[in-house]
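Take a look at the structure set out below.
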Amino acid sequence: MADGHDVDYLVIGAGLAGMAFTDALISETDARVLIVDRRHGPGGHWNDAYPFVRLHQPSAFYGVPSCSLGEDRIDETGPNAGFYERATAAEVCHYFQEVMDETFLPSGQVDFWAMSDVVGGGHGTASISHRLSGATTDVAVRKKVVDARYLESSIPATHTPRFTVSDGARCVPVNDLVKEAEPAGGYVVLGAGKTAMDACVWLLEQGVDPHRITWVKPREPWLIDRKNLQPRDKVGDFIKDWANSVEASARATSAADLFERLEACEALVRIDANVEPTMFRAPILSRYERGLLATIEHVVRSGHVRWIQPDRMVMDDGEVMVPAGALFIDCTAEGLQSPTPRPVFEPGRITPQGIREGSPSFNSALIGYVEATRGDDLETANDLTPPNRYPSTAMDWIRQRHTGMTAQMRWDQHRDVTAWAEGCRLNVAAGLGAHAGEPGVGDAIGKYLMYAGAAIENLAKLHADAGLS
Ligand SMILES: Cc1cc2nc3c(=O)[nH]c(=O)nc-3n(C[C@H](O)[C@H](O)[C@H](O)COP(=O)(O)OP(=O)(O)OC[C@H]3O[C@@H](n4cnc5c(N)ncnc54)[C@H](O)[C@@H]3O)c2cc1C
């Protein structure tokens with residue numbers, strides 16, 4: 001970059017969103033981009049992730065469009081056998097650093113300021129302060145500021161828990177679980193999300209008896225079966241599941257009927273058949289992981305934890321005793337945030353957000369492509385990128401699927417967008433046409449095409465019937 005103080009785009013945040021956006025943008029334009037992040041390197045929340053986390057989706061469609069993550073290998077052994085490989089947190093961080101060092105910086109189009117906070121700015125300018133030197137630099141932004149921190153993840157290592165911990169009670173963020181040197185009196189896992197599931201699976205894989213685990217679940221979640229989110233050579237499995245869920249969406253007569261249908265075709269699965277899920281945060285789990293989780297019998301369903309004491313938890317709905325010497329494991333951070341949606345494209349500003357469900361990499365890259373090709377036409381750009389808020393409740397599945405399918409229909413009206421998506425490694429459905437001859441795949445494509453329009457209409461109706469906007 002000739003002059004780092006004068007750029008076309010200022011991208012705030014070098015997490016997945018900022019990196020995927022930038023990659024797509026510089027592949028299509030000769031724009032000059034400055035990326036800033038308050039962390040020491042690219043990769044966002046992955047830099048502070050718990051040590052045993054992996055992507056819950058395959059690496060094959062995570063990251064930035066121009067660089068593969070991993071080798072697109074299907075694991076032959078271990079808990080992930082039969083599925084595309086999934087990167088560890090360390091591998092994800094290494095990947096983003098490589099993208100920065102070997103693609104972005106050598107391109108001459110991108111500069112990266114680490115340990116730097118965007119502390120202010122107005123139309124066409126931004127003030128950036130270095131966290132260690134204290135130096136503040138003003139940057140002129142010729143085109144747009146990209147707020148790639150809008151969905152910034154809240155994670156156990158950095159969030160402040162919403163409960164009190166008394167002296168004598170031992171509560172650690174999930175990151176510190178690996179530092180334990182001696183068996184605890186019991187393990188109390190706090191949270192119903194993917195992090196809590198990872199903590200439980202990890203404890204069980206370490207040989208901890210399930211009876212020594214207490215799992216505090218304020219809500220029961222719906223889950224996505226990992227077999228349904230496989231790309232490349234397994235994209236046929238993806239479209240079969242997708243078509244089934246689209247048919248269910250078109251035929252359902254009520255929200256309750258929809259979830260029955262989705263469960264019947266295994267588009268959604270649950271851990272405990274006796275408890276009706278009310279939560280949906282899109283966690284992806286294999287049958288193996290679900291089987292392990294089902295061995296935990298001591299599940300506490302008394303709302304949220306308010307106060308932890310050495311021998312008990314004070315919950316929304318009463319008190320629950322725990323074994324002497326119990327270790328509480330905090331998995332209550334929100335993960336992906338769900339701020340109020342705003343238009344992705346505004347004058348002088350881009351705010352990457354969800355569009356197609358469960359595809360943050362693809363969505364951020366698509367926004368980069370749309371900026372490169374239609375950034376001056378805000379109406380068309382926004383039409384192609386309707387913001388799709390990250391889900392929390394089961395009912396959010398309906399809204400999320402409706403918005404995602406609506407976006408897909410709009411993309412289909414633009415030949416260059418469909419061509420870009422078809423060639424994009426981040427698109428789980430890429431290459432589907434080449435698999436149409438496989439058993440059941442042609443039928444699934446036909447089913448999807450037959451029901452897509454009716455599904456969009458019916459999902460809108462089901463959502464409205466439930467009194468949701
Ligand atoms: C445990 C976990 C597992 C996940 N697994 C998957 C998965 O398998 N598949 C998937 O698709 N998604 C997964 N996700 C979500 C996904 O990884 C993406 O990383 C997500 O979209 C977050 O990326 P982001 O760039 O929006 O946010 P972040 O990763 O949080 O990055 C935002 C960045 O902005 C920086 N920042 C904030 N404010 C400022 C400021 N004022 N100045 C400078 N910099 C600032 C922060 O330092 C941060 O680095 C997972 C998330 C979590 C928490």
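The values are calculated or read from the model by the stated rules, or taken from the named source; none is laboratory data. Being a predicted model, the structure only gives us computed values, none of them experimental. Cβ: placed from backbone, ideal geometry, glycine included. Neighbour counts: every protein chain shown.
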* Out of region 1-46, which residues are within 7 Å of the ligand (Cβ to nearest atom), of a type outside the set (Lys, Arg) and surrounded by fewer than 22 Cβ atoms within 10 Å (Cβ to Cβ)? -> His45
* Asked: Of (1) over 14 Å from Leu293 (Cα atoms); (2) buried (at least 18 other Cβ atoms within 10 Å of the Cβ); (3) assigned by TED's automatic domain parsing to the domain that holds Val305, Glu180 satisfies all except one. Which?
  -> (2)
* Asked: What do you reckon, is Gly236 over 20 Å from the mean Cα position of the chain (by Cα), surrounded by fewer than 19 Cβ atoms within 10 Å (Cβ to Cβ) and small (Gly, Ala, Ser)?
  -> no
* To do: Give region 103-133 a look and list any residue that's under 29 Å from Asn175 (Cβ atoms) and not aliphatic (A, V, I, L, M), or say none.
  => Phe104, Phe112, Trp113, Ser116, Asp117, Ser129, His130, Arg131, Ser133
* To do: Could you please find all residues in region 47-67 being within 8 Å of the ligand (Cβ to nearest atom) and under 30 Å from Gly134 (Cβ atoms)?
  => Asn47, Ala49
* To do: Return only the number of the condition from (1) of a type in the set (Gly, Ala, Ser); (2) surrounded by fewer than 17 Cβ atoms within 10 Å (Cβ to Cβ); (3) closer than 27 Å to Arg86 by Cα that Gly193 does not satisfy.
  => (2)
* Asked: Which residue pairs have Cβ atoms under 6 Å apart, sit 6 or more places apart or on different chains, and have a first residue in region 53-72 that is closer than 22 Å to Val201 by Cβ and a second that is polar (S, T, N, Q) and within 8 Å of the ligand (Cβ to nearest atom)?
  -> Tyr62/Ser361
* Cβ-Cβ under 7 Å pairs, at least 6 apart or on other chains, region 251-272 side part of a strand (DSSP E or B), far side buried (at least 21 other Cβ atoms within 10 Å of the Cβ) -> Val269/Leu223
* Do we have any residue at all in region 84-107 that's in a loop (DSSP other than H, G, I, E, B), of a type in the set (Phe, Trp, Tyr) and within 21 Å of Asp237 (Cβ to Cβ)? -> no
* Asked: Hey, any hits in region 121-142 for a residue that's more than 11 Å from the ligand (Cβ to nearest atom), under 19 Å from Pro352 (Cβ atoms) and assigned to a strand (DSSP E or B)?
  -> yes
* Residues in region 185-204: is at least one without any contact (Cβ under 8 Å) to a residue 12 or more places away in the chain and either within 30 Å of Ala49 (Cα to Cα) or of a type in the set (S, T, N, Q) (or both)? -> no
* Structure fact -> Within region 145-177, restricting to residues that are part of a strand (DSSP E or B) and crowded, with 20+ Cβ neighbours inside 10 Å, the one that is farthest from the chain's Cα centre (by Cα) is Val145
* Look at Ala326 and say whether it is surrounded by 14 or more Cβ atoms within 10 Å (Cβ to Cβ), modelled with pLDDT of 95 or more, outside the structural domain of Ala17 (by TED's automatic domain parsing) and closer than 25 Å to Asn388 by Cβ. => no
* Asked: Name the residues in region 413-438 that are touching a residue at least 60 places away in the same chain (Cβ under 8 Å) and not charged (D, E, K, R), would you?
  -> Cys424, Leu426, Asn427, Val428, Ala429, Ala430, Gly431, Leu432, His435
* Structure fact -> Reported set for region 9-49 where residues are touching a strand residue (DSSP E or B) at 6+ places or on another chain (Cβ under 8 Å) and more than 17 Å from Leu105 (Cβ to Cβ) is Ile12, Gly13, Arg38
